[in-house]
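Quick note: the coordinates plus some simple rules give every number you see, no bench work behind them. Being a predicted model, the structure only gives us computed values, none of them experimental. Cβ placement follows ideal geometry from the backbone for every residue including glycine, while neighbour counts extend to all protein chains displayed.
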Amino acid sequence: MTSKQMLAKLCRRLITIDFMNSDAGEQRGSAVAAHKISLGHPSDVSGLERLVRESRLDPNEVVAVVGKTQGSGDRFDTTRMDADRALRRALLELGSSTPGQVEQIPMVFSSGAVGLLDPNAVVFTRTPGVPVVGSGPRLTIGTAQTAPILDAERGRAAMVGAVADSVREAAASAGIDPRDTAYVLGKSCLPALTDFTPIEHGDAGYDDMATVLSTSGATALGIGIAVGDVAGPIRDADVVANSSLWSARASTSTGHENPETQIVLLGNRLGAGGSLQVGHSVMSDALDVSALMRAVRDAGLDVPETHIPEDLRKRIVAVFIKGGTPGPTLRGHRQVQEAENPHYIAQVKATIGGIVASAIGDPALYISGAAVHQAPAGGGNIAVIVDHGEI
């Protein structure tokens, strides 16, 4: 049996198990929930503790975390690692999972809560035997991680292939075909920091922008191949340089939190329990707020093309954005870029975050910059999780 046949068999088995789990004819399935908590500081776990204390979250059912921390995002920023370690420690203390099980939970953090952005984390749980709400497909989640990425593989075709395999594995665990994936968040690895790592920016290729872009780009291409947005084979020379290759269903960031690449895959599946649904859309540029409405409609919520009515905003559970950096001009207007404005990228993220926050009335978003291989040039992508249940 080939690997593809094995994945298909696993998907069918997962779907069959969910449909067979019924009570008096009521359809039930494994329900994914998304719990958003605020981060008062990078190691703040009070939001998680409160949810557990109020019996709104079972720490043993946590399958993934996606969050936005404060911090500069440079090589000396430890906020991502602080949040990662604090949440893992809290899950061990609050639940009965083993250290090995907690270590396998992917945690995708992006730093730089600039402008109005509120540092936050979305904690995903999966609960079996939950009633299916409505007749449409509902949110499903899959996770996986590569083996540790070697320095010689980072940003190259070998890394692309490893990530693609992990995305297929995550899709199988979600019970969907990889091509039906709505969005994939990846956390890829940079070279490990040690006491002997040169401290000059760019020395030995550590944490210079070329390393960041190639690492993030290889991850995005791996996602794109797995979900069917990018045609292979990929050559080393394609990474970063070939901007015609991209997937708007990929959102990747880099860091030192882990030696492997962690994958959080979101999709929708008939028979899944719960009331959540995810949708996505492509941003043509940094001002394309209409992409938000398209993503919301893709998630099954009927909203106008120009805005989200106040009564429907409360149905938006989480928003994930990958923002690209505009070129020298944006819709015909000059952009003062990094050579003259070293804060340009952070300001673009703050601008996109402000636009979306004002549209939904909530600044607790996930937004990551540098959309290499994750959107058309100058563009970006957006995914939205909405709740179709009783509010």
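Some points to look at:
- Top of 346, 121, 364 by mean-square fluctuation, Gaussian network on the chain, Cα under 10 Å: 346
- Rounded to the nearest 10 degrees, the inclination of helix 79-94 to the longest alpha-carbon principal axis of the chain is 20 degrees.
- Exposure proxy order (Cβ contacts within 10 Å, fewest to most) of 89, 138, 53: 53, 89, 138
- Among 339, 157, 375, residue whose mean-square fluctuation peaks in a GNM of the chain (springs only between Cα atoms under 10 Å): 339
- Against the main long axis of the alpha-carbon atoms of the chain, helix 209-227 sits at an angle near 30°.
- Counting charges near residue 380 (Lys, Arg +1; Asp, Glu -1) among other residues having Cβ under 14 Å from its Cβ returns a value of +2.
- Charge dipole (the stretch 275-387, unit charges on Cβ, about Cα centre) - positive-most of 357, 342, 316: 342
- Take each peptide in 122-128, 242-248, 216-222, count the other Cβ atoms within 10 Å of every residue, and average; sorted highest first, the result is 216-222, 122-128, 242-248.
- GNM flexibility winner over the chain from 256, 35, 307 (Cα, springs under 10 Å): 307
- Angle of helix 3-20 to the longest C-alpha principal axis of the chain, folded into 0 to 90 degrees and rounded to 10: 40°.
- Order of 183, 344 - criterion: other Cβ atoms within 10 Å of each residue's Cβ, fewest first: 344, 183
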